[in-house]
Number of protein chains: 2
Amino acid sequence: MKRKTGVSGESFQPSATETEGAPRAGLSCVKRLPSYLQLLRVLQAEGQEYVSGTVLAGVHHLEPVIVRKDLANTGIIGTPRVGFRVTELITAIERFLGWDNQTKAVLVGVGNLGAALLGYRGFENFGLQIVAAFDVDPGKIGKWIHGCKIQSMNQLAGFVRRGEIKLGVLTVPVEVAQEAVDMMVRAGIRGIWNFTPLKLQVPDTVVAQKEDLAEGLAVLSHRLHHLLAIRVPSPKSALADR
Amino acid sequence: MKRKTGVSGESFQPSATETEGAPRAGLSCVKRLPSYLQLLRVLQAEGQEYVSGTVLAGVHHLEPVIVRKDLANTGIIGTPRVGFRVTELITAIERFLGWDNQTKAVLVGVGNLGAALLGYRGFENFGLQIVAAFDVDPGKIGKWIHGCKIQSMNQLAGFVRRGEIKLGVLTVPVEVAQEAVDMMVRAGIRGIWNFTPLKLQVPDTVVAQKEDLAEGLAVLSHRLHHLLAIRVPSPKSALADR
DNA sequence: TTTATATCGTTATTGTTGTAACGATATTAA
DNA sequence: TTAATATCGTTACAACAATAACGATATAAA
């Protein structure tokens, strides 16, 4: 196994800013890892012991080499002609993403979206465990939604400190988003998953990740627009294919 | 047009691999446009007549030149020292994204997430109008959610054909996702906004856009992981900043 | 044993996206 | 009128991501 330290291939980044050791994977890699993980869990359940990068690539319509590079970032090593050990690979990806231990999180803002996220079981697969929900609406406080008691915003800071919660899900109306964020930051939250369309102001000791549905919709609209413009809309052709 | 004495020649322009006219905007551009639009609507409501790319950039923490390039893709032309006319800019972006006319859409799968999306008012700002919802659960069929009647999947094809619906929102459980998609495609749906973690199989007369929450969460986890690893977790420091 | 082949890991090349630089232009101020 | 300046649009350059190419290695077949 070769261990080149700073060759063009993989280590971008002005180096000195990062901590040693980690090859600093690209963003696109990080985004693809969960989809591998999802499939790997299925394979594990089926009792598959090994899986090749080629197979992973096929399912997700990617080039095998991309998969191999992505996986290399997690530190795993495969064997030629065989592939990767499924259990090992799951562990490697989970550790790389910080999903090896369930991360406790609070949810702020129990509207339509907030309630839906509380009810979403899938987060357990992504190392996320929403342990409490907060809102300002007296009509909601005290009620239970999907096994989670809704508490007053006044109780946020205490709860976060006591539980050493590091992660917050932000699903409040955009008008009060920054205010809510300030409270979360003061309470000690270090990462915010932002479902509002606002660019949040946070100190650089906190990371904010914006989840913007409009982005995906824009891409879809734009592509659909082109598609409909290019090919004459003929319902027949859509039928023929599969 | 300038004539620089470049050594490397002029083989740089995006060159017309695409259908005539459009300079073929990048994906990243398309993703940013909605956030500009959101702010522009606010400015319009405030009665602002002009806005500069610099201001737009400042709000979203982007470089002004990126904004100018993005806007250039929509075909708008600004005036130096003044900026862009707000109303014109809104129109240009909406037309570019295909949001100038409300696009009717159906939603398939009224679970937690589906119901939440039905209740989300914001889509009207994105040219999207969900006009019907479908599910297989007899317990849900016939009920109304957020002003939308839930219908049986058997009624999907007829409804889509009669209304000439082109867009579908997919919020079914992953196990039945492909099956639902096949029905949608046969009915004449041309664009699918996919909220399941499955890579859909669609003919190339249909575009499928995957909306993957796990992606964003992965990025957040990974960044948070690094942040917590680098700086010693000290609640004090988080307080100090803003 | 030898050969064929699927797959791995790495490096090289090409393409796409972001940043920097710069001339052009409209408003404001001297 | 002239000078200063903010902003626009474009081009040149740099950083990142995807693709292509290639040697290395483990299994299977001859």
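Label point of B:Asn101 (7 Å along Cα→beta-carbon): distances to the other copies' equivalent points are 5.6 nm, sorted ascending.
Just how far, in whole angstrom, is segment A:124-188 from segment B:27-56 if you go by their alpha carbon centroids? With segment B:27-56 and segment A:124-188 each reduced to a Cα centre, they are spaced 30 Å. Under a no-solvent Debye model with one identical scatterer per Cα of segment B:39-87, what's log10 I(q)/I(0) at q = 0.19, 0.31 Å⁻¹? Evaluating at q = 0.19, 0.31 Å⁻¹ gives log10 I(q)/I(0) of -0.57, -1.31. Cross-link pairs exceeding 32 Å between alpha carbons, from the set A:Lys210/B:Lys199; A:Lys104/A:Lys140; A:Lys104/B:Lys143; A:Lys166/B:Lys104; A:Lys143/B:Lys143; A:Lys69/B:Lys166: A:Lys104/B:Lys143; A:Lys166/B:Lys104; A:Lys69/B:Lys166. Among the trypsin sites (Lys or Arg not before Pro) in segment B:69-153, those located in a DSSP loop and surrounded by at most 12 other Cβ atoms within 10 Å of their own Cβ are B:Arg81. With label points set 7 Å from Cα along Cα→Cβ, the inter-copy distances at B:Val65 are 3.0 nm, sorted shortest first. For B:Val174, the point set 7 Å out from Cα toward Cβ sits 3.1 nm from its twins in the other copies, listed from shortest up.
Taking only the C-alpha atoms of segment B:81-121, Rg followed by Dmax gives 16.2, 51 Å.
Any read-out appearing in this document is the output of simple, stated calculations on the displayed coordinates, not a laboratory observation. Bear in mind that the values here come from a model prediction, so they are computed numbers and not experimental data. Note that we place each Cβ from the backbone using ideal geometry, even for glycine, and neighbour counts take in every protein chain shown.
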